[in-house]
Structure formats: C-alpha cells, structure tokens
Amino acid sequence: MKKQLFVTTLALTAVLGLGACGTDSDSSGSHDMHDADKSSSHDGMMHSSDGKVPEGIKQAENPKFEDNSKVILASDHMQGMDGAKGTVVDAFDTTVYAVSYTPTTGGKKVTNHKWIIQEELDPVPASTLSKGDDVTLAADHMKGMDGAEATIDSAEQTTVYMVDFKPTSGGKTVKNHKWVTENELQANN
C-alpha cells in the first residue's frame, strides 16, 4: 500500500512539475498574458526611446495635457502600461496609424500595432492615408520595424503624446515612450 501511495504521489508531482514548466515557457517574453495575439505582436517593443522626434512633426497647439502634466495611462500597448502613472514629455498634432507588418528580421506578422505617426512613414505622405493602404515604416519602436512593408489598419487625426511612466508590473521607469493618444490618457490630479 505504501509503495502504491509513493508511486501515485511521485506521478502526481511529475505531472504538476511538467505543467509548471509548460506555463513558464509559454509566458516567457510575453507582455500581456490575457491576450496572446497582443503579446506576440508587441515582443521586442522598445519601451524607452532617446526622445528624438521625426522631422516635420508639429507641436500640438492646444493639447489637453501640457508638458509635465501628471497622467494615468489607459492603454495596454504593453504589460504594465494600463493604469500606470506618468508624466507628459511632449505633445504633437498628427495622424496616427495602427499598422500590420512583417518584421524585416523575420518572425510572425505583427497585427494592429499602435501607434505609428504620419511622419514615421517613408516617404512621408502629403495627406492622410486610409485603411488598406500599403506603406513603408521608418520607425524603430520594435525590432524589425524600420524599413518594413506595412498595411494601414486604421487612421485618426489627433494629438499624440510622448510620456514617461512607471510600469504597474514593476521595473524601471519608461522614458520618452512613443506614442499615446489623447484618449489613452487621464488626468492624475
């Protein structure tokens, strides 16, 4: 009886151990566990940037959130972003695009990446593009993005913000994150 109990316990331990290994390997590199498509489409996201902005971009004339405004992010572009406290670095009036593209470095197609701005397209179009238009990206938000061929998923003229924020998931403060739209920010008074 003891021998049978020992074998049963050993088998149960092995199954649980293998299950835990599977869970760990499935979550490595994932940014957002509740949405597998979102996590795979944002692997390689460059959290912080040098703060440089593309040539030709126009400062926002009347942004809802001025420079140094304290905000709460209401966006889930990456893990730790939704609900994070942040500070506005700068604001610009432009057209933002959600795009789908295959990285120049290979790998899975990235779908509905938010956001690329008008000035990060090569060449920069003279007018707003539409859903379904094909473009070349000139942005480095993610590995394999610069120079990639992409398709516009959506377009919107709005104010975009560069922000610093402390991820809710822990880790270092993200500096000069590009881009968050006005409707993805809330005042933090």
Checklist entry - Can you tell me which residue in the stretch 54-69 is modelled with the lowest pLDDT, limited to those that are open to solvent by 100 Å² or more (accessible area, probe 1.4 Å) and either of a type in the set (S, T, N, Q) or closer than 15 Å to His177 by Cα (or both)? => result Asn62
Next on the checklist: Taking the criterion of being more than 30 Å from Asn189 (Cβ to Cβ) and in contact with a strand residue (DSSP E or B) (Cβ under 7 Å, 6 or more places away or on another chain), would at least one residue in the stretch 154-164 satisfy it?
Outcome noted: yes
Checklist outcome for this item: Condition set assigned to a strand (DSSP E or B) and hydrophobic (A, V, I, L, M, F, W, C), scope the stretch 125-141, selection farthest from Phe65 (Cα to Cα): answer is Val135
Checklist outcome for this item: Expected single match for farther than 21 Å from Glu55 by Cα and modelled with pLDDT under 95 among Gly170, Gly86 is Gly170
Checklist entry - Of everything in the stretch 98-115 that's at positive phi and more than 12 Å from the chain's Cα centre (by Cα), which residue is most open to solvent (accessible area, probe 1.4 Å)? => result Gly107
Checklist outcome for this item: Condition set touching a residue at least 24 places away in the same chain (Cβ under 8 Å) and open to solvent by 50 Å² or more (accessible area, probe 1.4 Å), scope the stretch 130-150, selection nearest to Thr94 (Cα to Cα): answer is Ser130
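Are any of the residues in the stretch 116-124 open to solvent by less than 20 Å² (accessible area, probe 1.4 Å) and part of a loop (DSSP other than H, G, I, E, B)?
Within the stretch 116-124 (the criterion being open to solvent by less than 20 Å² (accessible area, probe 1.4 Å) and part of a loop (DSSP other than H, G, I, E, B)), the answer is no, since none of the residues qualifies.
Conditions (1) under 16 Å from Thr158 (Cβ atoms); (2) modelled with pLDDT of 95 or more; (3) aliphatic (A, V, I, L, M), marked per residue:
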residue: Gly106; (1), (2), (3): no, no, no
residue: Glu120; (1), (2), (3): yes, yes, no
residue: Gly132; (1), (2), (3): no, yes, no
residue: Thr136; (1), (2), (3): no, yes, no
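Going by the structure shown, is Ser127 more than 22 Å from Ala84 (Cβ to Cβ) and open to solvent by 70 Å² or more (accessible area, probe 1.4 Å)? Please lay out each step first, then the result.
Values: more than 22 Å from Ala84 (Cβ to Cβ): yes; open to solvent by 70 Å² or more (accessible area, probe 1.4 Å): yes.
Answer is yes for this residue.
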Item to check | Selection within the stretch 142-179 - part of a strand (DSSP E or B) and within 18 Å of Ser100 (Cα to Cα) | outcome: Met142, Glu149, Ala150, Thr151, Ile152, Asp153, Ser154, Ala155, Glu156, Lys178, Trp179
Checklist entry - Quick one: would you say Ser40 is under 17 Å from the mean Cα position of the chain (by Cα) and at pLDDT below 50? => result yes
Checklist entry - So which residues in the stretch 70-83 are within 11 Å of Glu184 (Cβ to Cβ) and either surrounded by 19 or more Cβ atoms within 10 Å (Cβ to Cβ) or without any contact (Cβ under 8 Å) to a residue 40 or more places away in the chain (or both), if there are any at all? => result Val71, Leu73, Ser75, His77, Met81
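The values are calculated or read from the model by the stated rules, or taken from the named source; none is laboratory data. Since the structure is predicted, the reported quantities are computational estimates derived from the model, not experimental observations. Glycine also receives a Cβ, built like all others from the backbone with ideal geometry; neighbour counts cover every protein chain displayed. Just the protein is used for accessible areas: all its heavy atoms, side chains included, with ligands, DNA and RNA removed. Shrake-Rupley method; radii C 1.70, N 1.55, O 1.52, S 1.80 Å.
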